[in-house]
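Visitor: One structure follows; several queries about it will come next.
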Amino acid sequence: MKIYINGKFYEKDEAKISVFDHGLLYGDGVFEGIRAYDRLVFRLEEHIDRLYESAHTIMMHINLTKKQMMDALVDTLKVNRLDNAYIRLIVTRGEGDLGLDPRKCAGKTTVIIIASTIVLYPERFYKEGLSIITVPTIRNLSEALNPQIKSLNYLNNVLGKIEAVNSGYDEAIMLNSQGFVTECTGDNIFIIKKGELYTPPQYLGILRGITRDAVLDVASKSRIPTYERVMTRHEVYNADECFLTGTAAEIIPVVKIDGRVIGNGTPGNMTLNLIKKFKALTKKEGIRY
Ligand code: PXG
């Protein structure tokens, strides 16, 4: 495996950055998880736009243009001879001193690209559906640390994941401070009720997932009415179908939440149909290499 760091490729064991990097010291940086399918990087421009928007908000200037960043990512895929891949793109504030002050890292962002493969859940979960819970840790307040910033500071999500795993589950719903459903620790959530598709709106404090956008596109093209709507656990428990979306997980059906069976307890037909249509989209959309 060859890993890109600031314009050079390193073997896995040699791929190292400074212990003074503010990405490590403070989670001061941003990242993206991206997938390539048969030499097509799915919605690459959207991922790059989101990365640069996250960087803009935290006032971190990335020394590469978007085009240079996309070229570096494609080079990493080619060097590793990967036709299908999960790519982790990381940009940190770079090396500074032990103080918070980002001026100490001026102009030295660290860019890391790791191209690998990832299987998040066993195949049977996609066939049988996932059982999830709601965890006590609430999603970051947007006013404190906006979930739209895909930052290296992911402890909020890690805490949610720990609570899920401690209770014997792989993924969990996180509520906001008002008790509304936001998203899962690393995935967006959708429900289907009476043939209509619902997902929580961005303003509730979620990451606007690229897979979420793709599913909304696919659903509206299939003439499924789609709504971004505030929901409580009650609406979710009483959905006909439920599924999660994310670059790593793709689309995964959910059949049980907090012990409540969703629909008939098996992945729903509309969910399975959306999975099929999403797969077709991944063969069409993106940057070819
Ligand atoms: N919400 C959150 C909080 C995420 O971190 C998504 C939604 C889905 O977004 P995309 O754009 O990928 O459709 C994410 C992204 C993991 C893992 O190990 C998951 C993400 C990032 C890094 C690791 O589950 N999810």
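Visitor: Testing Met174 on (1) more than 11 Å from the ligand (Cβ to nearest atom); (2) in contact with a Ser or Thr (Cβ under 6 Å, 6 or more places away or on another chain); (3) not in a loop (DSSP other than H, G, I, E, B), one condition comes back false. Which one is that?
Guide: (1)
Visitor: Within the set of pairs 6+ apart or on separate chains, which have a first residue in region 151-168 that is among the polar types (S, T, N, Q) and modelled with pLDDT of 95 or more, a second that is within 12 Å of the ligand (Cβ to nearest atom) and in a helix (DSSP H, G or I), and C-beta atoms under 7 Å apart?
Guide: So the pair list comes out as Ser151/Ser54.
Visitor: From (1) within 13 Å of the ligand (Cβ to nearest atom); (2) β-branched (Val, Ile, Thr); (3) open to solvent by less than 50 Å² (accessible area, probe 1.4 Å), pick out the condition that doesn't hold for Val165.
Guide: (3)
Visitor: Continuing with this model, one more query. What number of residues in region 86-117 are touching a Gly at 6+ places or on another chain (Cβ under 9 Å) and among the acidic types (Asp, Glu)?
Guide: Of the residues in that region, 0 qualify.
Visitor: From the list Ala164, Ala144, which one is among the aliphatic types (A, V, I, L, M), in the same structural domain as Pro267 (by TED's automatic domain parsing) and outside any helix (DSSP H, G or I)?
Guide: After applying the criteria, what remains is Ala144.
Visitor: Sticking with this structure for a sec: Inside region 253-281, can you point out the residues that are surrounded by 20 or more Cβ atoms within 10 Å (Cβ to Cβ) and of a type outside the set (A, V, I, L, M, F, W, C)?
Guide: Selection gives Pro253, Gly263, Pro267, Gly268, Thr271.
Visitor: May I pose another question? Give region 1-59 a look and list any residue that's open to solvent by less than 80 Å² (accessible area, probe 1.4 Å), under 23 Å from Cys105 (Cβ atoms) and hydrophobic (A, V, I, L, M, F, W, C), or say none.
Guide: Ile3, Ile5, Ala15, Ile17, Leu25, Val30, Phe31, Ile48, Leu51, Ala55, Ile58
Visitor: If you go through region 126-137 one residue at a time, do you hit one that is within 12 Å of the ligand (Cβ to nearest atom), more than 30 Å from Asp83 (Cα to Cα) and part of a strand (DSSP E or B)?
Guide: no
Visitor: Name the single residue, out of those in region 221-267 being within 30 Å of Leu89 (Cβ to Cβ) and of a type in the set (Asp, Glu), that is farthest from the chain's Cα centre (by Cα). Give the derivation first.
Guide: From region 221-267, those within 30 Å of Leu89 (Cβ to Cβ) are 221, 226, 228, 242-254; that's our starting set.
Next cut, of a type in the set (Asp, Glu) only: 228, 250.
Working: Glu228: 18, Glu250: 9 Å.
Among them, the one singled out is Glu228.
Visitor: Kindly list the number of the only condition in (1) free of Cβ contacts under 8 Å to residues at least 60 places away in the same chain; (2) on the phi > 0 side of the Ramachandran plot; (3) under 18 Å from the mean Cα position of the chain (by Cα) that fails for Gly205.
Guide: (1)
Visitor: Could you list all residues from region 67-113 that are more than 16 Å from the ligand (Cβ to nearest atom) and of a type in the set (A, V, I, L, M, F, W, C)?
Guide: Met69, Met70, Ala72, Val74, Leu77, Val79, Leu82, Leu98, Leu100, Cys105, Ala106, Val111
Visitor: Please enumerate the residues belonging to region 198-252 that are open to solvent by 10 Å² or more (accessible area, probe 1.4 Å) and of a type in the set (S, T, N, Q).
Guide: Correct list: Gln202, Ser220, Ser222, Thr226, Thr232, Asn238, Thr247.
Visitor: Being open to solvent by 50 Å² or more (accessible area, probe 1.4 Å) and assigned to a helix (DSSP H, G or I), is that true of even one residue in region 107-117?
Guide: no
Visitor: Name the residues in region 53-77 that are of a type in the set (A, V, I, L, M, F, W, C) and either in contact with a His (Cβ under 6 Å, 6 or more places away or on another chain) or in a loop (DSSP other than H, G, I, E, B) (or both), would you?
Guide: Passing the criteria: Ile58, Met59, Met60, Ile62, Leu64.
Visitor: Right, another one. Between Arg88, Arg81, which is at positive phi and outside any helix (DSSP H, G or I)?
Guide: Just a single option satisfies the conditions, and that option is Arg81.
The values are calculated or read from the model by the stated rules, or taken from the named source; none is laboratory data. Given the structure is predicted, the values throughout are model-derived calculations rather than measurements. FYI the Cβ positions are ideal-geometry reconstructions off the backbone, even for glycines, and counts take in every protein chain you see. In case anyone asks, the SASA skips ligands and DNA or RNA and just uses the protein heavy atoms, side chains included. Shrake-Rupley method; radii C 1.70, N 1.55, O 1.52, S 1.80 Å.
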